[in-house]
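The values are calculated or read from the model by the stated rules, or taken from the named source; none is laboratory data. Not measured: the values here are computed from a predicted model. Using ideal geometry, Cβ is built from the backbone for each residue, glycine included, and neighbour counts are taken over all protein chains shown. Calculation scope for accessible area: heavy atoms of the full protein, side chains included, ligands and nucleic acids excluded. Shrake-Rupley method; radii C 1.70, N 1.55, O 1.52, S 1.80 Å.
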Amino acid sequence: VLCPGQGTRDHPPAQAALRDRLLSAVVSCFKRHGAAAIDTPVLELRETLMGKYGEDTKLIYELQDQGGELLALRYDLTVPFARYLAMNKITNIKRYHIAKVYRRDNPATTQGRYREFYQCDFDIAGQFDPMIPDAECLKIVHEILSDLQLGDFVIKVNDRRILNGVFDVCGVPESKLIPACSTVDKLDKVPWEEVRSEMVGEKGLSPEAADRIGEYVQLHGGLDLIERLLQDPKLSQNKLAKEGLGDMKLLFEYLTLFGITEKISFDLSLARGLDYYTGVIFEAVLLHQENEHMEESVSVGSVAGGGRYDGLVGMFDPKGRKVPCVGVSIGIERIFSILEQRLKASGEKLRTTETQVLVATPQKHLLAARLKLISELWDAGIKAEMLYKRDPKLLKQLQYCEDTGIPLAAIVGEQELADGVVKLRDVATREEVRM
């Protein structure tokens with residue numbers, strides 16, 4: 001059977017048109033916030049990518065070229081961005097990048113998990129005052145999700161420093177921080193009991209430590225919760241947690257000024273699996289009501305995520321010079337499949353071309369007239385088509401307009417040629433004017 005490689009897919013015109021519409025909404029938001037576009041190669045040196053993704057390093061596609069150079073397909077757009085900054089000694093940039101990335105995952109195409117997929121990233125790099133760029137990243141997520149009208153959503157926010165502080169005061173040894181983090185990250189999908197037993201059983205934490213962690217990671221709220229934790233006898237003594245909570249308070253002040261706090265939840269269970277986050281982390285989740293009788297909204301899944309990663313650029317710099325960064329990635333594939341299902345359900349037909357006018361003739365032997373007119377239209381920047389037949393029937397030509405959604409037909413018959421005019425027909429209303 002002829003088909004594309006496993007975990008990849010073709011996009012027919014209707015899908016490509018929908019994706020285009022979606023991407024242009026995202027890009028216009030990025031541009032509104034003053035970001036410049038960059039592009040980096042699909043191929044990176046293997047060593048650039050290795051050891052940056054924690055447990056997910058095993059999902060990197062490795063390649064070898066004829067010269068024996070060890071290469072890999074990019075796994076995300078963040079690590080190549082950090083490499084680009086270090087290589088070009090850039091200390092200050094606001095950029096967006098939309099491109100395909102590759103993961104050697106077990107494809108679960110029903111859940112929208114592919115081996116080749118798009119990522120849309122916006123990042124702010126540079127030394128700035130705390131939480132101002134971070135707040136803008138959250139504002140961008142809020143703008144895009146509101147603009148696309150995907151339904152109700154919540155943006156969960158946490159901070160790696162708060163999380164590490166919690167683990168610290170609960171007695172988790174340094175060596176078990178990252179494994180504990182990735183286990184806590186599962187709390188949105190499985191109940192606390194399961195997370196607890198994985199911590200104790202697989203990750204080797206003591207039951208007491210796990211219970212103490214449980215008291216914190218099940219908390220979520222807003223400014224009130226931040227204030228409460230700042231007064232917490234254990235956490236307030238922890239330098240990291242105190243720093244993180246201070247910044248979180250500042251962040252919430254800025255988000256209040258942006259007027260978006262009703263969609264933000266400070267959530268201590270949010271961990272985000274990647275190793276490179278150092279400060280604020282966030283994830284946007286779509287909610288949907290199963291039916292009217294349900295009080296609780298159920299999460300459909302993450303549609304955007306990001307955070308602060310201040311150490312990544314320094315990993316590539318020979319002198320270890322750091323460039324603080326914060327960024328967000330929009331989960332374009334998941335949003336795409338939601339919009340696609342919605343379009344199917346509505347039965348609406350999406351136009352796959354942008355043709356404005358079809359050049360048509362009502363009688364035979366008028367191909368020359370059509371070619372001359374269509375050439376004039378193209379040269380004037382008008383999107384025009386004609387049928388590739390010498391003498392097509394008028395009905396066939398008008399039917400083509402209806403099928404593809406072309407709004408106008410420019411008709412040149414013998415009479416029009418003699419009078420030096422064109423008959424413009426509105427395909428939907430059938431009104432005609434000579435001009």
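Things to note:
- Computed about the Cα centre, the dipole magnitude for the chain is approximately 1340 debye when only Lys and Arg (+1) and Asp and Glu (-1) carry charge, each at its Cβ.
- Net length available on complete extension from ASP39 to SER337 is 104.8 nm, with 0.36 nm assigned per residue and the Cα-Cα distance removed.
- Considering all different alpha carbon pairs of the chain, the Kirkwood hydrodynamic radius works out to 25.2 Å.
- Taking every protein chain into account, the accessible area of the stretch 1-43 amounts to 61 square angstrom per residue (probe 1.4 Å).
- Long-range Cα-Cα pairs in the stretch 357-434 (distance over 17 Å), rounded percent: 39 percent
- Three-way shape call for the stretch 1-142 based on the alpha-carbon gyration tensor, with the a/c threshold at 1.5: oblate
- Helix 192-201 axis, angle to the chain major axis (alpha carbon atoms, nearest 10°): 60 degrees
- Across LEU251, LEU225, LEU366, mean-square fluctuation computed from a Gaussian network of the chain (C-alpha pairs under 10 Å connected) peaks at LEU366.
- MET87/LEU223 FRET efficiency (R0 30 Å; Cβ-Cβ; nearest 0.05): 0.15
- FRET efficiency for LEU230 and GLN127, using Cβ-Cβ distance with R0 set to 30 Å, rounded to 0.05: 0.70
- Principal-axis tilt of helix 332-346 within the chain, Cα atoms, nearest 10 degrees: 50 degrees
- C-alpha long axis of helix 239-258 to longest principal axis of the chain, angle in °: 30 degrees
- Normalising the average separation of contacting C-alpha pairs (under 8 angstrom, six or more residues apart) by the number of residues puts the relative contact order of the chain at 16 percent.
- Per-residue HN-Hα couplings for the stretch 400-413 [Karplus 6.51, -1.76, 1.60; θ = phi - 60°; Hz; x = Gly/Pro]: 4, 4, 5, 5, 9, x, 6, x, 10, 10, 9, 9, 10, x
- Förster radius 22 Å - calculated FRET efficiency between LYS203 and MET50 (Cβ-Cβ, nearest 0.05): 0.40
- Fully extended contour minus Cα-Cα distance, from LYS31 to LEU371, at 0.36 nm per residue: 118.4 nm
- Segment LYS344-GLU262, length gained on full extension (0.36 nm per residue, minus Cα span): 26.4 nm
- Cα-Cα over 29 Å, subset of LYS58/LYS263; LYS203/LYS263; LYS94/LYS349; LYS344/LYS393; LYS94/LYS319; LYS100/LYS186: LYS58/LYS263; LYS203/LYS263; LYS94/LYS349; LYS344/LYS393
- Selected from THR361, THR91, THR261 as most flexible by GNM, with the chain as the system and alpha-carbon contacts under 10 Å: THR361
- For the stretch 84-90, Karplus couplings with θ = phi - 60° (6.51, -1.76, 1.60), whole Hz, Gly/Pro x: 4, 5, 5, 5, 9, 6, 8
- Residues in the stretch 357-434 average 64 Å² of solvent-accessible surface per residue, probe 1.4 Å, ligands and nucleic acids excluded.
- If you sort the three axes of the alpha carbon gyration tensor as a ≥ b ≥ c, you get a/c of 1.5 or more for the stretch 286-423 and a/b no higher than b/c, which makes it oblate.
- Expressed as a whole percent, the accessible area of the chain that falls on carbon and sulfur atoms is 52 (1.4 Å probe).
- Gaussian network model of the chain, Cα within-10 Å springs - most flexible of LEU377, LEU18, LEU177: LEU377
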